[in-house]
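Following: one structure in structure tokens, then a few remarks.
The values are calculated or read from the model by the stated rules, or taken from the named source; none is laboratory data. Source: prediction; values computed, not measured. Glycine also receives a Cβ, built like all others from the backbone with ideal geometry; neighbour counts cover every protein chain displayed.
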Amino acid sequence: MLFDSHAHIDDKRFNDDREEMIARALAGGVSGIINPGADMFSSARAVDLAERYPGVHPHDAKDVLEEDYAKLAAWAGGTKVVAIGEIGLDYHYDFSPREVQQTVFVRQLDLAKQLDMPVILHDREAHADILATVKKEGQGLTGVFHCFSGSVEMLREVLKLGFYISVAGPVTFNNAHKLADVIREVPLERLLVETDSPYLTPQPHRGKRNEPAHVRLVAEKVALLRDMELEALAAATTENVKRLFKID
């Protein structure tokens, strides 16, 4: 059984077939899906949909109000809320000023510490800053760098911090040489798989909407790179999700 550790199943692109999409995932051997929040609105939808976990994406950091932190804390008390996320830094689009992203990121790391919860980290073209911030402000925390895009050298720093990494559809792309090296080096007990649906659709469906059932394609490629059976990879990554997020 596989576990999609990161999929935005509350996204409007699933409005017409959400139940069917979930059914396809279950039929394909997906035993669980973690649905992340990306802003206050989608966090509310995520909690309402599956009571998973809230967070504010760095793109939307500029819109965060002081009272939103109390809302996040309240949502985190839900019985199926398992982490704070996705949070972090995104320097690709700079939809929010970088200094605002950093301020909101630190506040949410502090919230995670107060609540004793793991974090889901979003990092796009911000490797040095996110590592520096986690080292300084995230002491005592654990969590996962979702859709990991760093180097082997960055992986080693992430492992020293006690964090996990998760990989998504890009691992199936023909030019994913750096990520392939990361997959071969990461300890199996620190590895998760995800789809980041509806984004980052793996081969051979690239260009179409992604969905949790496609996590099998990610896992198949990871198993191939690690020279192991898919069943063993699926069992290990599912156990890792349960251990990290304290899922029964």
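What the table below lists for this structure:
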{"read-out": "The range 122-142 residues that are at positive phi and surrounded by fewer than 19 Cβ atoms within 10 Å (Cβ to Cβ), paired with ones that are small (Gly, Ala, Ser) and part of a loop (DSSP other than H, G, I, E, B) (beta carbon under 9 Å, 6 or more apart)", "value": "125/149"}
{"read-out": "The lone exception for residue 189 - which of (1) charged (D, E, K, R); (2) under 18 Å from the mean Cα position of the chain (by Cα); (3) surrounded by 14 or more Cβ atoms within 10 Å (Cβ to Cβ) it fails", "value": "(3)"}
{"read-out": "Condition met for residue 107 (over 25 Å from residue 193 (Cβ atoms) and either surrounded by fewer than 20 Cβ atoms within 10 Å (Cβ to Cβ) or touching a Cys at 6+ places or on another chain (Cβ under 7 Å) (or both))", "value": "yes"}
{"read-out": "So residue 79, is it at pLDDT 95 or above and hydroxyl-bearing (Ser, Thr, Tyr)", "value": "no"}
{"read-out": "Residue, modelled with the lowest pLDDT, within the range 1-31, restricted to residues that are farther than 25 Å from residue 244 by Cβ and small (Gly, Ala, Ser)", "value": "23"}
{"read-out": "Failed condition for residue 180, given (1) within 23 Å of residue 234 (Cα to Cα); (2) within 18 Å of the chain's Cα centre (by Cα); (3) surrounded by fewer than 20 Cβ atoms within 10 Å (Cβ to Cβ)", "value": "(2)"}
{"read-out": "Top-ranked residue of the range 1-49 - restricted to ones that are of a type in the set (A, V, I, L, M) and assigned to a loop (DSSP other than H, G, I, E, B), ranked as surrounded by the fewest Cβ atoms within 10 Å (Cβ to Cβ)", "value": "1"}
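Yes/no per residue for (1) over 25 Å from residue 230 (Cβ atoms); (2) modelled with pLDDT under 95; (3) basic (Lys, Arg); (4) in contact with a Cys (Cβ under 6 Å, 6 or more places away or on another chain):
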site	(1), (2), (3), (4)
133	yes, no, no, no
136	yes, no, yes, no
162	yes, no, no, no
172	no, no, no, no
189	no, no, no, no
